[in-house]
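Enquirer: Just dropping this structure here.
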Amino acid sequence: MKVAEIRQLNDTELNKKLSDLQTELFNLRFQSATGQLENPAAIGHCKKDIARFKTIITERKLGINKEA
């Protein structure tokens, strides 16, 4: 998901999607441990998406307006 798309979401949607991404990361790690993961790069993509969501949530808490 792109940053511009994430910024358009409201706070409840951000928290919901963040929770979904964290669950997805857990499942990807579980698949990796059991040897069933087909795309190892998916873990990295998921981690980066989580970081993007957390960054935007923090920006909103601090009142920082960043235009990308």
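Enquirer: Is it the case that residue 60 is modelled with pLDDT of 95 or more and open to solvent by 70 Å² or more (accessible area, probe 1.4 Å)? Even if it seems obvious, please write down each step before you answer.
Expert: Details: modelled with pLDDT of 95 or more: no; open to solvent by 70 Å² or more (accessible area, probe 1.4 Å): yes.
It is false that residue 60 is modelled with pLDDT of 95 or more and open to solvent by 70 Å² or more (accessible area, probe 1.4 Å).
Enquirer: Additional query: Considering only residues that are surrounded by 15 or more Cβ atoms within 10 Å (Cβ to Cβ) and either modelled with pLDDT under 95 or more than 28 Å from residue 66 (Cα to Cα) (or both), which ones fall in the stretch 10-53?
Expert: Answer for the stretch 10-53, where residues must be surrounded by 15 or more Cβ atoms within 10 Å (Cβ to Cβ) and either modelled with pLDDT under 95 or more than 28 Å from residue 66 (Cα to Cα) (or both): 28, 31, 37.
The values are calculated or read from the model by the stated rules, or taken from the named source; none is laboratory data. Note that the structure is predicted; figures quoted are calculated from it, not measured. All Cβ positions, even for glycine, are placed from backbone atoms using ideal geometry, and neighbour counts span all protein chains on display. Just so you know, the surface numbers come from the protein's heavy atoms only, side chains and all, with ligands and any DNA or RNA stripped out. Shrake-Rupley method; radii C 1.70, N 1.55, O 1.52, S 1.80 Å.
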